[in-house]
């Protein structure tokens, strides 16, 4: 009781301090307004520095072993991910189709920026022998002129392991063009790569910057423009591959972010207009929110935090936080103005009434979001940096810019009109108060059912689920996975440990065994295919060509010297294909195994399995490393699961004792967490019922829901305790709280839920899920705080043996300065 008394005294002193601040703001509004806007301008000036991050590997910290290994792989062999253009036709080997294929191929080579290479039937490697000569040229080096030529080409292509299932479907009705992007950025190039090549090599700076997000977008945009020109009858082009996926997701998120933020603002404005019936109040609330969003972007730019799929939800979140703060402050201000108080007095009272609660909600929200700093995923940790910082800035603007503007700008003074709709919080709260046991029992059953449903939630990171069934990318990917085995790959790097180690016949046989072992392993709805890139394939091709092109010689030689000679002949034949599969010392080799696009969660155990089995197959002949987007996706999935458990445990551990301190009671602090955690449990349970996957994006729903739910709880508990400290009984305190704060809670929840529901109109399913679940969480938090919270405080009072539930009891009446109901 002493602790509670101390906290009551402290709270009263803090409230008095906020009232004093209100009087100061009313006396010096222009000074505070200008200072606030200058601070916003300073942060806003950093926005041009904001960068975009689209790559999968950027989710991992720079020092994460999978990311380090992948970046080393890319520096050695280039990017393994390519745009795969799958072209449907009635028959590939017809003159018109091949002419159109060549025109497409050549335009891609001429016009696509940041291009590494284009590969199709037009220029794919054709290794053959003529007498004792090894010739490596393009498959269509000699253009067909007769139907007989076409028939020969068709037979050769379908018989070649490098073409069939990669560049050509088994039935020759689908041909592909692989467009590979450069791994390195062109930023900093002076446009004259050969200038000064006679100078000392040490004076030439080494360029190691990886391709940037905007450069990758330029690459994809150029391909899409060219495809649009060539797509047509009997030449239907489908675009698949990781670069397309990454660009579509980022482009969709950015376009939807701008469009839906604007729509959210429009909806928020409409609801605020309905609440306040004052255009000026609406403008001030939205101005505070937009300035908070600008500052959020400024913080991201100033700290070097990129705009990515996790951090792009920051504007929506800051919009929600700032609007919530504004509604609570404006609602009390309007009530006091309606009672006849002048602007300085109403402003001071509003800050005294809601200022402390707004600060408390800001601190708890920032504390819960800061738990994401511990996430193993770099971009999720970025959200844990910018969201708390943005929350505190929104808090500061709500206590400086907003009250200063309220003191300057004239607003109508009539009270908020009473209606059954507006009295809903009071009706629900009174019901929870008078039927406390029934309401608590009902919620207990409801939460138990939600818990059971939550156990059905599956963790998933399957990119195709992000797109609706009719989306071109999804159709293209499903087509490629079905007919060609997939546009993605498993990359295996084998290090022999010494120069020319790849000439060893025994090692090559082990690599061949590795390829055969991997082939046919199930991945998602498809299977691992035989290797398309490896020194084994080149060695077999060369050996066959130098032995009269006979199929029986498509095998690995047994002689080390012969292997070295044949690979030397291949290297000197004019092709640079060896650069894609071995290093210059023939010490390190690469094996590329095509796979379909699959759920990263399913890939994680397969990575472990392959790493163990591949190491056993290669044995003491070398070391193996599984890498590529395959490995990165699996690492991200595993880290997401770990981060999910860690961040939410930390958020709960941070918020609960904080609530105990802020509310001045261990029991009240624990009670305050029940409505908030209940709202999250119901949301996760709904995901289980609707079979929505829990992924890296919906991971953020819980953080936003927890922050907003705790905000509602703080406003209720703070004002309930405030009323109780002034002598009100439990029912009177609940009624008083919900007559003042309850309306703000109701309209804040209504406004924010409607704003987030806009995302259900998004093109991407992951935004649909995000908007739907966040709106549900906000709604459930409100419902819990106006039914379950009154029931809980009533039950606690009954356990203490307190009566105090009668409104007619003289001891329950509030002091005269307690805000009366707007009814």
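The values are calculated or read from the model by the stated rules, or taken from the named source; none is laboratory data. All of these numbers come straight from a predicted model, not from anything done at the bench. Positions of Cβ are generated from backbone atoms using ideal geometry, with glycine treated the same way; all protein chains shown enter the neighbour counts.
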Which number in (1) under 25 Å from residue 491 (Cβ atoms); (2) surrounded by fewer than 17 Cβ atoms within 10 Å (Cβ to Cβ); (3) at pLDDT below 90 marks the one condition that residue 532 misses? (2)
Scan 101, 85 and give me the residue that is out of contact with any helix residue (DSSP H, G or I) (no Cβ under 6 Å at 6 or more places or on another chain), surrounded by 20 or more Cβ atoms within 10 Å (Cβ to Cβ) and in a strand (DSSP E or B). 85
Filtering the stretch 145-173 down to residues that are free of Cβ contacts under 8 Å to residues at least 12 places away in the same chain and under 42 Å from the mean Cα position of the chain (by Cα), which residue is nearest to residue 553 (Cα to Cα)? 160
Can you list residue pairs whose Cβ atoms sit under 8 Å apart, with the first residue in the stretch 258-276 being at negative phi and the second being outside any helix (DSSP H, G or I)? Count only pairs 6 or more apart in sequence or on different chains. 260/762; 275/416; 276/416
Test: residue 407 is in a helix (DSSP H, G or I), under 18 Å from residue 283 (Cβ atoms), at pLDDT 80 or above and more than 32 Å from the chain's Cα centre (by Cα): yes
Sole residue being out of contact with any strand residue (DSSP E or B) (no Cβ under 6 Å at 6 or more places or on another chain), closer than 28 Å to residue 347 by Cβ and either modelled with pLDDT of 90 or more or surrounded by fewer than 23 Cβ atoms within 10 Å (Cβ to Cβ) (or both), chosen from 397, 373: 397
Hey, among 370, 346, 366, which residue is over 17 Å from residue 395 (Cβ atoms), part of a helix (DSSP H, G or I) and in contact with a helix residue (DSSP H, G or I) (Cβ under 7 Å, 6 or more places away or on another chain)? 346
Selected residue (only one of 750, 772 is in a helix (DSSP H, G or I), at pLDDT 85 or above and surrounded by fewer than 23 Cβ atoms within 10 Å (Cβ to Cβ)): 772
Considering (1) within 22 Å of residue 480 (Cα to Cα); (2) in contact with a strand residue (DSSP E or B) (Cβ under 8 Å, 6 or more places away or on another chain); (3) surrounded by 18 or more Cβ atoms within 10 Å (Cβ to Cβ), say which one residue 117 fails and leave the rest. (3)
Just checking, which of 738, 750 is in contact (Cβ under 8 Å) with a residue 60 or more places away in the chain, closer than 19 Å to residue 788 by Cβ and under 29 Å from the mean Cα position of the chain (by Cα)? 750
Quick one: would you say residue 709 is in a helix (DSSP H, G or I), surrounded by fewer than 24 Cβ atoms within 10 Å (Cβ to Cβ) and out of contact with any strand residue (DSSP E or B) (no Cβ under 7 Å at 6 or more places or on another chain)? no
Quick check: anything in the stretch 678-686 free of Cβ contacts under 8 Å to residues at least 24 places away in the same chain, at negative phi and touching a helix residue (DSSP H, G or I) at 6+ places or on another chain (Cβ under 6 Å)? no
Scanning the stretch 569-606 for residues that are touching a residue at least 60 places away in the same chain (Cβ under 8 Å), over 17 Å from residue 625 (Cα atoms) and touching a helix residue (DSSP H, G or I) at 6+ places or on another chain (Cβ under 6 Å) gives 570, 596, 597, 600, 601
I'd like to know if the stretch 517-525 contains one or more residues that are assigned to a helix (DSSP H, G or I), closer than 17 Å to residue 617 by Cα, touching a strand residue (DSSP E or B) at 6+ places or on another chain (Cβ under 6 Å) and touching a residue at least 40 places away in the same chain (Cβ under 8 Å). yes
Looking at (1) at pLDDT 50 or above; (2) exposed (fewer than 12 other Cβ atoms within 10 Å of the Cβ); (3) assigned to a loop (DSSP other than H, G, I, E, B), which one does residue 228 not meet, given that it meets all the others? (3)
Can we say residue 651 is out of contact with any strand residue (DSSP E or B) (no Cβ under 9 Å at 6 or more places or on another chain) and in contact (Cβ under 8 Å) with a residue 60 or more places away in the chain? yes
